[in-house]
1. Under a 5 Å amide H to amide H cut-off, with H placed in plane at 1.01 Å, what residues pair with VAL48 once short-range neighbours are removed?
2. Given a 1.4 angstrom probe, what's the average accessible area per residue across the chain, in square angstrom?
3. Give me the accessible area of GLU87, 1.4 Å probe, in Å² rounded to the nearest 10.
4. When the C-alpha atoms of the stretch 8-76 are aligned to their principal axes, what extent does each axis show, in angstrom, from largest down?
5. In whole angstrom, how long is each semi-axis of the equivalent ellipsoid of the stretch 79-150, when you take the square root of 5 times every eigenvalue of its Cα gyration tensor and sort them from largest down?
6. If ligands, DNA and RNA are left out, what is the accessible area of ARG37 with a 1.4 Å probe, given in Å² to the nearest 10?
7. Whenever you get a sec, compute what percent of the accessible area on the chain sits on carbon and sulfur atoms (1.4 Å probe).
8. What value, in deg cm²/dmol to 500, does the helix sum -39500 (n - 2.57) over DSSP H runs of n ≥ 4 give at 222 nm once divided by the residues of the chain?
Amino acid sequence: MAKKYLTIFKEDCCGCHACEVACKQEHNLGVGPRLIRVIEKSPSFIPVYCHHCADAPCKKVCPVRAIERNEQGIVLINEETCIGCRECVEACPFGAMQFDGEKEVAVKCDLCLEKAKNGEAPACSLICPTGCILWGDAKALTERAALLYT
């Protein structure tokens, strides 16, 4: 499976929070952690999400090596191994890592891993009414961005 990317054009975000709702439904999340969240920085909105960093700071600081990158480049947390120390939450430069108080583990976007395995886009991308959340390979995203912003 080719490496896929998620890109968000924050300029087009209308602040509807549909991506948050779709993500919570996809992952059966209760109150608390949001794997993607929209914050308001008046007069605009900024979707906050995991960037699956090439040199992931969260992975570097995990004392039990509960964070790994899979063959598609998706940074994942092994909840069985996570001890809930929150080092990764503090290390994330994007504020994307969350702590799930119910499970007592760190959680983050997994790019809807089960959907990705079937070649499908993440729930947030599928639901976005403005189309500002794009999913695909690097070349396709660059081409789409050029069409949208030229």
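1. Placed amide hydrogens put ARG37, VAL38, ILE39 under 5 Å from VAL48.
2. Using a 1.4 Å probe on heavy atoms only, each residue of the chain averages 57 Å².
3. 90 Å²
4. 39, 26, 22
5. 30, 15, 11
6. Accessible surface of ARG37 is approximately 40 Å².
7. Here it works out to 51 percent.
8. When only DSSP H runs of four or more count, the value is -6500 deg cm²/dmol.
The values are calculated or read from the model by the stated rules, or taken from the named source; none is laboratory data. Since we're looking at a predicted model, the values are computed, not measured. Every residue, glycine as well, gets a Cβ built from its backbone with ideal geometry; the counts of neighbours run over all protein chains shown. Accessible surface areas use protein heavy atoms only, side chains included; no ligands, DNA or RNA. Shrake-Rupley method; radii C 1.70, N 1.55, O 1.52, S 1.80 Å.
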